[in-house]
Amino acid sequence: MTRGAVVAAVFIFLGAAVYVFGQFKPFGDESIDRSQPAMLKSVRDLSQYHAAAGEFQVVLDIENDVKWVPAALAGERTLFVAAGSVNAYVDLGTLKDDGLILSPDGKTVELRLPKPQLDKPNLHHDRSYVFSQERGLINDLQALAGPPDVQRFYVAAEAKLAEAAKQSELLKRAEDNTRVMLTGMLQSLGFQVKVRTD
């Protein structure tokens, strides 16, 4: 066997060994989760009926301009796509006060439904992202110091989603769904139902 053939055989053997070692990893790294189990800290009784939910998306166009300085040197403009959901609910806890009135003959129930409310927006982080970003030279250098601060975009996005939910038909849908749910439940128990909305 020539010297070249020996060298080639050695390289082939080493390549095969590396491949096998990489596939089976007899001494490979191992991930060990030593985290403690989650602990229940508190329990709250809820009287909210979540009657409707809306999915929203908004594109933020936020620019931070530095006065008297060219945009090529300082400043930042970001397009941020945010997706999230907002729940509309009715607090049925008030029904135990004067919100539920039974007629003297026990045949009719008068419901006084409280007005529906909106939950805080639930931002979907897995579907929210920076679409594009233009930065000046100084901002580029500052970005090298650490990860980008996206918290301000999340805060702005939540405000936009909350406003969009207020302008939508979500509250009306929650009111209608709650009325239908309670009316159907009481009618199935043999009551006639009258509904009033505060």
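The values are calculated or read from the model by the stated rules, or taken from the named source; none is laboratory data. Everything numeric in this text was worked out from a predicted model, so none of it was measured. Glycine also receives a Cβ, built like all others from the backbone with ideal geometry; neighbour counts cover every protein chain displayed. Quick note on the areas: whole protein, heavy atoms, side chains included, nothing else; ligands and nucleic acids left out. Shrake-Rupley method; radii C 1.70, N 1.55, O 1.52, S 1.80 Å.
A probe of 1.4 angstrom, applied to the heavy atoms of all protein chains, finds Glu55 with accessible area near 120 square angstrom. As a size descriptor, the averaged projected area of the C-alpha convex hull of region 159-198 was calculated at 3.4 nm². Simple spin-label estimate for Gln133 and Leu40 gives 4.2 nm between the two label positions (7 Å along the Cα-to-Cβ direction from each Cα). The share of accessible area on region 153-198 that comes from carbon and sulfur is 54 percent, using a 1.4 angstrom probe.
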